[in-house]
1. Figure the gain on full extension for ILE73 and ALA107 (residue separation times 0.36 nm, minus the Cα-Cα span) and round it to one decimal in nm.
2. Report, by chain and number, residues whose modeled amide H sits under 5 Å from the one on ALA39, excluding near sequence neighbours (fewer than 5 apart, same chain).
3. Per residue, how large is the accessible surface of the range 101-179? Use a 1.4 angstrom probe and give square angstrom.
4. Figure the gain on full extension for ALA195 and THR163 (residue separation times 0.36 nm, minus the Cα-Cα span) and round it to one decimal in nm.
5. Students often check this: by mean Cβ neighbours within 10 Å, which of 195-206, 145-156, 39-50 ranks highest, and how do the rest follow?
Amino acid sequence: MPDTPQFSTAEYAPQPTMERCRLCSTPLTAEYYRVRGQAACAGCADAARNQQPGSSDNTAFTRALVFGIGAAIVGLAGYSAFTIATSLYVGYVALGVGYIVAKAMKAGSGGLGGRPYQIAAVVLTYLAIALAEIPIALWQLRARVPSGHMLAVAIRLLPIGLTSPIRDMRNPIHGLINLVILFVGLQIAWRGTAATNPTIEGPFRLTPAAS
């Protein structure tokens, strides 16, 4: 019966061909490694094994920075939207911003971390939280500022936004609480992008492309 399913034998799909290192984009030839679960060339595997800078560092850091900037923008927008919608200033949002920035940077770097990543994560987290004051202020001023002048007003508010966590200290109790929460959020970003011992597997043979 030709339509009867056959269970006596198993068929395995061929392994997909991986053409480039996921860390530095170098073309892969006969073999590859897995660094933190991602296909990598021998050079990136050796650099990760020896905990030394490798050819993947610039590419991985750039990708991590792009992902981190995206996460910081999302955090800024989320914090602003929540405050505008509820009229509540909840400093605990800083914890979430630090977390998503660190996670995004780790995803962008393929799991790499270290001091440059930590510094970038802390800076992005601080900027996302501090600059959230600008869209909040613009929303409050919307009735008095013509829409065509919003950009100019936002630029003028930039120094105020950058120093907003410090300016909050005018109210000692409220300002100190938010400053402590901000510090914890920055610590989350710092620890979340710390260097970790890489998991390295291989070498593996590449499956030839089907002709």
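1. Working: separation 34, 0.36 × 34 = 12.24 nm, distance 1.63 nm.
Separation in residues times 0.36 nm, less the Cα-Cα distance, equals 10.6 nm.
2. Amide H neighbours of ALA39, under 5 Å, 5+ apart: ARG22.
3. Numbers: 4410 Å² over 79 residues.
Here the per-residue accessible area is 56 Å².
4. Contour length minus the Cα-Cα distance gives 8.5 nm.
5. 39-50, 195-206, 145-156
The values are calculated or read from the model by the stated rules, or taken from the named source; none is laboratory data. Because the structure is a prediction, the values reported are computed rather than measured. Note that we place each Cβ from the backbone using ideal geometry, even for glycine, and neighbour counts take in every protein chain shown. We work out accessible area using only protein heavy atoms, side chains counted, and drop any ligands, DNA or RNA first. Shrake-Rupley method; radii C 1.70, N 1.55, O 1.52, S 1.80 Å.
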